[in-house]
Amino acid sequence: MSSLTGTVVGKVIKVPHIVHGKAVFGDAVEHRSRVGDLFLTPKLDLDALVRPRSEPGPAFEVPLREILDLLGETGRRLNLDTNPHLAEALDLISASSRHSRRVVENTYRVIGQTFEPGALGYQVERELGPGVIDGWVPVYKPNAPSCQVRAFPPRLVHIMAGNGPPAASISIIRGALTKGINLLKLPSNDLFTATAILRTMADIAPDHPTVRSFSAAYWRGGDEAVERLIYRPQYFDKLVAWGGEATIRHALKYVGPGFELVQFDPKVSMSMIGREAFCDAETLERVAGLAAEDVNMMNQEGCASSRHQFVEGDVKEVDRYCAALARQLAVDRFWGDGKIWKTPADIRDTVEGLRFTGTHAVFGHYDGRGLVVRSNEPVDFHPIAKTVNVIPVASLRDAVRYASVATQTVGIYPRERKAEVRDALANAGVQRVVTLGSAIGLATTGQGLPHDGFLPLQRLMRWVSDEESE
Amino acid sequence: MQPPLRRGPTGECVNFIEQLTSFVGADDPYDYRLSDVRELQLAAAHQRFERARGAMPVLDRRASDCGIEKITQVRDLVPLMFSDATYKSYPDSFIAQRKWNALGAWLDALSTSAGAAQLNYDGVTDIDGWIARLADHGHTVYVSSGTSGRCSIFQVSQADREMDVRGFRSAWRWKAGVQPDRSRPVFALMPRSGAHRMMDTFGIVVRDFGRPDATYFLSDTPLLVSEVNRMARLSKDIAAGTATPGDIHAAELAVAAKQAASREAMRRMGEAVTRHRDEPSFFVGTWAPMFALAQAAKTSGLVGGLHPDTLFQTGGGLKGAVLPNDYREQIESILGLKPARNLSLYGMTELTPFMPQCAAGHYHLPPWHVALVLDKSGEQLLAPEDGRVSGRLAFFDVSMDGHWGALVSGDHGTLQLTPCACGRRGPSLLHDIVRYRDLPGGDDKVSCAGTIDTYVRGVIGGETL
């Protein structure tokens with residue numbers, strides 16, 4: 001595992017840009033990330049990155065079938081053992097990542113699965129309806145002349161998230177399925193995955209219209225000198241932004257008529273555990289394991305990572321659960337490390353203060369194996385670095401009031417009790433209810449389901465009508 | 001000055017702490033060779049550690065956890081450092097639900113004196129009442145706030161308050177050879193009273209210098225912690241969705257009324273400044289209100305500056321306030337502030353010593369204040385190169401008696417161990433101190449994970465103590 005301050009790579013890292021599908025190498029511009037890592041990129045050629053509206057995008061008229069074929073082949077080629085781009089990305093990312101190489105490698109091992117063409121075809125049909133992406137489809141409106149509708153390809157700028165390769169693959173897949181023009185703004189915390197995928201696609205078919213529909217470049221997020229020039233409706237229809245409050249606040253300056261923001265908001269997630277967990281010791285340990293699975297996804301750095309857990313039981317029972325959870329947090333999992341970096345000092349110092357109030361209990365360690373704080377009300381700090389706040393409740397329904405518009409995923413045990421609270425949770429603002437232990441789902445199996453409260457493909461398309469078309 | 005290192009004969013109990021703090025009475029407490037006092041500092045640090053550990057469960061736990069039994073080198077202090085999170089770790093719900101004894105138990109664990117948990121808090125309805133009840137029973141509690149709206153709460157002893165005032169008097173003697181004699185018009189950019197160090201010990205400095213008929217405060221109503229707290233709670237209620245539009249509007253009106261009142265107070269103080277322009281006066285406050293006061297004085301007709309013997313006591317960062325780049329030049333040109341008559345201070349509210357700025361622009365450490373420079377995470381002690389070291393500043397205030405005085409700051413700075421250009425041989429901090437959170441960059445490290453704070457659009461910005 002790399003050190004807290006990041007690892008110095010022997011050489012200065014060069015980050016290529018992708019311009020209309022072609023990799024462009026260069027070292028004209030020096031960037032330094034906040035932690036002091038130095039990297040070089042080619043000079044940003046904004047004229048080359050922007051395609052004028054006077055000409056349609058290269059993939060606008062390509063049948064969906066051909067795009068799915070390309071994506072399917074891409075998925076097959078995203079094999080870590082044989083793909084040099086992916087292997088290089090893994091090396092570079094794990095050199096500066098706080099996650100263990102094992103966990104980062106696991107995320108790369110499954111990345112190809114997200115390109116499965118059957119699932120993607122389902123996603124398009126489910127979100128947009130049949131045929132409408134390949135051409136004009138008649139719609140029949142009662143007592144009105146017939147009309148036709150087309151889901152027309154958009155021009156998109158993606159402000160990507162960098163906390164895990166799925167963020168890159170999801171952006172590229174969605175961009176490809178829309179047939180639109182895509183400019184990816186690379187995040188400083190993952191400069192490599194998106195370009196590795198795009199270069200893999202270019203290796204398969206360098207002149208494929210979908211390949212030529214993608215560009216990717218790095219500039220400092222919020223850099224006005226870049227953003228005020230290109231965030232214009234004459235060049236792009238929509239800005240697709242993931243997380244990052246500062247990023248979104250910057251982007252809002254440019255949103256206006258003809259230039260729309262599609263936000264995947266920064267989110268928090270939680271768990272609700274019914275009294276069924278206490279039926280015997282073995283079940284309790286197993287449930288704590290499922291809960292730890294949801295906490296520890298990418299070492300609690302994802303939006304779906306559980307941070308607060310509401311447990312139905314009295315304090316004595318709940319403390320038994322907390323002890324089990326602390327044990328389970330220390331276990332290595334597919335998506336998370338048994339031991340990570342130390343608990344941040346401000347959380348440690350806060351928890352040490354709480355320890356003496358007589359109303360809090362503390363389980364686990366500050367050494368990165370996992371920390372559990374039991375309290376009567378949610379704690380005032382934001383739990384990170386494998387820190388879980390467990391709150392006893394008399395009934396799962398009592399936990400609903402702690403869900404809000406910021407809550408993305410709620411993992412519930414047992415599965416049967418989801419129906420009891422899901423409407424109340426949705427009413428509070430929650431977007432996703434899952435069975436405890438399955439919070440990761442969105443990144444791997446979510447295609448065709450809502451994301452952050454909407455159907456993303458539907459939102460990305462430009463819906464155009466031809467009225468009285470017959 | 002050559003500080004002597006007095007050691008008692010073997011077996012004799014020597015008060016190393018007192019030996020060290022007695023330098024406050026020296027002609028120049030900042031002119032010493034670190035190598036001459038290091039041994040005494042470590043002996044005093046260990047003495048302080050033993051005393052505090054026996055009285056503070058939180059420190060005792062920390063020491064056991066990290067296996068530190070004795071302070072023999074500066075490095076031993078690093079794992080014992082608290083952060084400001086320590087003194088902000090109380091649960092908000094204790095205040096909202098009036099669990100005063102529980103809050104007292106928390107305070108006891110973070111203080112060297114006990115008894116707050118057992119007090120009778122009958123009739124106490126808010127945090128100000130809690131603090132007043134504690135004061136009635138000999139516990140001095142200070143509250144301070146960052147810009148987050150969450151207050152630090154900590155206890156100081158009578159000895160700390162006395163040391164604080166001695167420190168100020170010593171600094172003024174050092175800076176300008178001035179002895180306070182209650183003769184000057186004073187402009188204090190703070191409320192007259194409140195449970196804050198500024199109103200307590202700074203207030204003593206104000207009275208020291210101030211002519212009673214010409215001492216001006218920004219406000220005569222006490223600064224109430226519950227007011228700050230109410231704002232923090234509203235933020236929480238907005239996040240939880242339980243605040244109504246009417247609640248938010250009422251808060252907006254209250255904030256606007258408060259701002260209007262402070263503008264009016266500033267206007268009146270600006271007029272007073274102009275009235276007293278020909279007398280040697282005394283100003284105390286942080287930069288942002290000082291700038292506002294300079295503007296107000298200018299508006300009221302001040303031209304040509306103030307009496308040349310006017311004194312200024314300034315300090316504090318901007319705490320997120322947005323001022324023009326040349327704010328200091330503007331203050332200097334309007335009020336005629338001169339570096340030689342400006343006691344510019346750097347320090348942490350939770351610790352007693354303030355470090356005064358010398359003519360060369362460095363902040364000087366007194367012998368009883370040990371500065372450490374750590375890595376960004378605050379875990380590793382960094383070694384100096386060519387007599388300088390930059391990183392996260394941390395301090396151990398050997399004089400601190402009421403609570404544990406080893407604290408990591410939120411600031412990035414540079415410690416110089418070689419003699420300063422001003423001629424003093426003691427350690428000093430360069431003037432380029434900056435909060436880590438104000439350092440640029442980091443915007444494009446995008447992640448899908450967020451916090452509820454993102455969802456609360458502030459109506460309440462800038463409400464700080």
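Residues whose amide H falls under 5 Å from that of A:VAL433, counting only those 5 or more places apart or on a different chain, are A:VAL410, with hydrogens built in the peptide plane.
Between amide H atoms placed 1.01 Å from N, distances below 5 Å from B:PHE82 occur with B:ALA406, B:LEU407, B:VAL408, all of them 5 or more places distant or on a separate chain. Charges were assigned to the Cβ only: +1 to each Lys and Arg, -1 to each Asp and Glu. The resulting dipole of the protein assembly as shown about its Cα centre is roughly 800 debye. If R0 is taken as 60 Å, the Cβ-Cβ distance between A:VAL137 and B:SER377 corresponds to a FRET efficiency of 0.55.
Taking each DSSP H run with n ≥ 4 as -39500 (n - 2.57) and averaging over every residue of the protein assembly as shown yields -10500 deg cm²/dmol at 222 nm. Distance from the Cα centroid of the range B:174-225 to that of the range B:26-56 is 30 Å (rounded to whole angstrom).
Within straight-line reach of B:LYS175, meaning a Cα separation under 17 Å, sit the following aspartates and glutamates at least 8 residues removed in sequence or on another chain: B:ASP27, B:ASP28, B:ASP31, B:ASP164, B:ASP208, B:ASP309. Two numbers describe the Cα atoms of chain B: Rg and Dmax, which are 22.7, 72 Å.
From the largest down, the range B:5-156 spans 53, 38, 35 angstrom on the principal axes of its Cα atoms. The overall shape of the range A:268-445, judged from the alpha-carbon gyration tensor, is rounded, with an a/c ratio under 1.5. Pairs spanning more than 27 Å between alpha-carbon atoms, out of A:LYS386/B:LYS236; A:LYS386/B:LYS99; A:LYS14/A:LYS185; A:LYS386/B:LYS376: A:LYS386/B:LYS99.
Heavy-atom surface analysis with a 1.4 Å probe gives chain B a carbon and sulfur content of 51 percent of its accessible area. The amide H of B:GLN313, built 1.01 Å from its N in the peptide plane, has B:PHE283, B:VAL284, B:GLY285, B:LEU343 as neighbours under 5 Å, considering only residues 5 or more places off or on other chains.
Per the Kirkwood formula applied to alpha carbons, the range A:174-283 shows a radius of gyration over Rh ratio, Rg over Rh, of 1.16. Among the listed pairs A:LYS22/A:LYS238; B:LYS88/B:LYS258; A:LYS22/A:LYS43, those whose Cα-Cα separation exceeds 18 Å are A:LYS22/A:LYS238; B:LYS88/B:LYS258. Principal axis analysis of the Cα atoms in chain A yields extents of 70, 67, 42 Å, listed in decreasing size.
On average, how much area does the Cα convex hull of the range A:95-136 cover when viewed from any direction, in nm²? Computing the convex hull of the Cα atoms and averaging its projections yields 4.6 nm². Taking only protein heavy atoms and a 1.4 Å probe, the accessible area of the range A:68-149 is 53% carbon and sulfur.
Computed from the Cα positions only, the extents of the range B:102-254 along the three principal axes stand at 57, 39, 26 Å, in decreasing order. Could you work out how far the C-alpha centroid of the range B:361-428 sits from that of the range A:197-222, in angstrom? Comparing the Cα centres of the range B:361-428 and the range A:197-222, I get a distance of 50 Å. Shielding value for A:187-199 is 1, the average number of Cβ atoms from other chains within 10 Å of each residue's Cβ. Judged by the mean number of other Cβ atoms found within 10 Å, the most tightly packed of the peptides A:252-261, B:176-185, A:207-216 leads the ranking A:207-216, B:176-185, A:252-261.
Only protein heavy atoms count here, probed at 1.4 Å, and on that basis chains A and B bury about 3700 Å² of accessible area in total. Counting every C-alpha pair in the range B:178-349, the share spaced more than 23 angstrom apart comes to 44%. In a reduced charge model with +1 at each Lys and Arg Cβ and -1 at each Asp and Glu Cβ, chain A shows a dipole moment near 600 debye about its Cα centre. Could you tell me what percent of the DSSP beta bridges with both partners in chain B are antiparallel, to the nearest 5? Restricted to chain B, the bridges split so that about 60 percent are antiparallel. In a simple Cβ point-charge model (Lys, Arg +1; Asp, Glu -1; nothing else charged), the range B:205-282 has a dipole of about 80 debye relative to its Cα centre. Each of A:LEU78, A:TYR231, A:VAL137 was scored by the projection of its Cα onto the charge dipole of chain A, and the greatest displacement toward the positive side belongs to A:TYR231; charges sit on the C-beta of Lys, Arg, Asp and Glu.
From zero up to wherever the largest Cα-Cα distance of the protein assembly as shown sits, split into 20 Å bins and tell me the percent of pairs in each. All Cα pairs considered, the percentages come to 12, 39, 34, 13, 1, 0. What residues of the range B:123-139 lie in the reach of a label at B:LYS258, counting those whose backbone N is under 16 Å from a point 7 Å from the Cα along Cα→Cβ? What the label zone holds, given the 16 Å backbone N cut-off, is B:127-128.
The values are calculated or read from the model by the stated rules, or taken from the named source; none is laboratory data. A quick note: this is a predicted structure, and the numbers were derived from the prediction, not measured. With ideal geometry, Cβ positions are generated from the backbone for all residues, glycine too; neighbour counts draw on all protein chains shown. Areas reflect the complete protein model, heavy atoms only, side chains present, ligands, DNA and RNA absent. Shrake-Rupley method; radii C 1.70, N 1.55, O 1.52, S 1.80 Å.
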